Amino acid sequence: MREGPLLKSLGRSGQIALALFVLTSMVMVPLLRLLPETSAFHPSDFVVTWLGKILCYMVLALALDLVWGLTGILSLGHGVFFAIGGYCFGMYLMRSIGHDGVYKSDLPDFMVFLDWKEYPWFWTGTQHFWWAIFLVIMVPAVLAFVVGFFAFRSRIKGVYFSIITQALTYATMLLFFRNETGFGGNNGFTDFKRILGMDVTSGGMRTTLFVLSAALLATTLLGSLWLARSRFGRILTAIRDAESRLQFCGYDTLWYKLTIWTLSAVIAGVAGALYVPQVGIINPSEMSPANSIEVAIWVAVGGRGTLVGPLVGAAMVNMGKSWLTANFPNLWLYALGGLFIFVTLFLPNGVMGLVSGLLRRMGKSGASS
């Protein structure tokens with residue numbers, strides 16, 4: 001059985017990179033934020049929010065790599081778990097607006113506008129922070145478990161499973177577009193005011209959300225590396241490489257695939273919950289099939305199955321997207337499509353595969369000289 005290209009170890013360089021990331025994101029940035037805004041070293045609110053958003057995307061890419069790169073299950077619907085996590089926390093944010101909305105009502109403005117008289121039953125308890133966190137974890141988990149159980153039990157795999165996940169995200173997007181569902185319809189949730197009584201747009205809250213995003217990324221990466229090296233992770237790799245052989249050896253692969261699939265959905269949901277207060281809006285467009293395909297491209301560009309590669313891919317593609325959409329907005333989709341074709345033809349192992357190959361060549365040339 002072929003051993004996958006998973007990182008066997010962070011190594012010294014990886015440990016240094018992780019330490020620098022933690023030091024920069026959790027110590028230096030908060031300290032620099034204390035400097036006067038006129039200082040050249042003061043990171044602006046825009047920069048901190050933008051970086052926090054990219055950190056959430058990196059966590060989402062890592063979540064997809066756990067099921068695609070590690071287990072060989074290509075999901076083209078992870079955007080739905082990301083968005084549902086955002087909606088669950090968004091309900092808390094909407095309840096926290098209180099009477100500061102346009103209509104000064106107990107209900108959110110969109111409910112007043114749509115002539116709702118009371119909250120729907122599924123909004124019960126969403127004014128409580130910890131109940132919202134519980135929903136952020138449990139709703140994506142339950143949805144993933146139900147979909148995964150029936151799909152994996154029916155031995156649906158490969159492109160058929162990918163199509164099902166696309167259908168899932170598309171159907172969910174259409175559902176959330178409807179005003180009757182109680183999620184704000186086309187406009188979604190926006191105009192957030194506060195979290196735990198603190199202004200969501202204040203500099204301190206923006207810094208806190210950025211640090212939490214960085215902590216989530218570091219924790220998820222370390223947890224994923226540990227999982228990949230564990231016996232459970234080796235079985236997942238075996239499922240990816242030769243599932244039928246593993247079943248012949250007596251393993252019931254259903255529960256292994258279901259566990260990693262559900263865990264991946266939870267990670268995506270938590271990333272979505274941190275994403276929403278930073279960008280200030282959540283609407284059904286986050287569930288569009290195109291968004292989920294874009295996440296798969298991040299992973300492919302960075303190098304699937306490497307765990308670190310998807311982080312690189314998510315950062316590279318989204319930074320490029322920010323620059324292109326600001327300067328040449330009509331070219332972005334062409335650039336994204338061209339990038340995917342280029343990676344498929346010339347970089348099948350992504351950027352991390354290219355870097356690993358170059359390092360091996362340098363090592364060989366150094367040894368021969």
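The values are calculated or read from the model by the stated rules, or taken from the named source; none is laboratory data. Everything numeric in this text was worked out from a predicted model, so none of it was measured. All Cβ positions, glycine included, derive from the backbone under ideal geometry; neighbour counts span all protein chains shown. Side chains are part of the model used for accessible areas, which takes the heavy atoms of the whole protein and leaves out ligands, DNA and RNA. Shrake-Rupley method; radii C 1.70, N 1.55, O 1.52, S 1.80 Å.
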Is it the case that the stretch 20-33 has a residue that's part of a loop (DSSP other than H, G, I, E, B), open to solvent by 10 Å² or more (accessible area, probe 1.4 Å) and not acidic (Asp, Glu)?
no
Out of the stretch 51-83, which residues are more than 23 Å from SER285 (Cα to Cα) and either within 12 Å of the chain's Cα centre (by Cα) or among the β-branched types (Val, Ile, Thr) (or both)?
LEU66, VAL67, THR71, ILE73
Could you say which residue among TYR92, TYR87, TYR57 is assigned to a helix (DSSP H, G or I), aromatic (Phe, Trp, Tyr) and within 23 Å of VAL317 (Cβ to Cβ)?
TYR57
Would you check if LEU175 is aliphatic (A, V, I, L, M) and exposed (fewer than 15 other Cβ atoms within 10 Å of the Cβ)?
yes
So, in the stretch 290-335, how many residues would count as being open to solvent by 30 Å² or more (accessible area, probe 1.4 Å) and within 16 Å of the chain's Cα centre (by Cα)?
8
So, in the stretch 95-142, exactly how many residues are open to solvent by 10 Å² or more (accessible area, probe 1.4 Å) and either in contact with a Ser or Thr (Cβ under 6 Å, 6 or more places away or on another chain) or assigned to a helix (DSSP H, G or I) (or both)?
18
Only one of VAL80, VAL67, VAL47 is surrounded by fewer than 24 Cβ atoms within 10 Å (Cβ to Cβ) and of a type in the set (Val, Ile, Thr), namely VAL47
Answer yes if at least one residue in the stretch 267-284 is closer than 26 Å to LEU336 by Cβ, assigned to a helix (DSSP H, G or I) and without any contact (Cβ under 8 Å) to a residue 12 or more places away in the chain, and no otherwise.
no
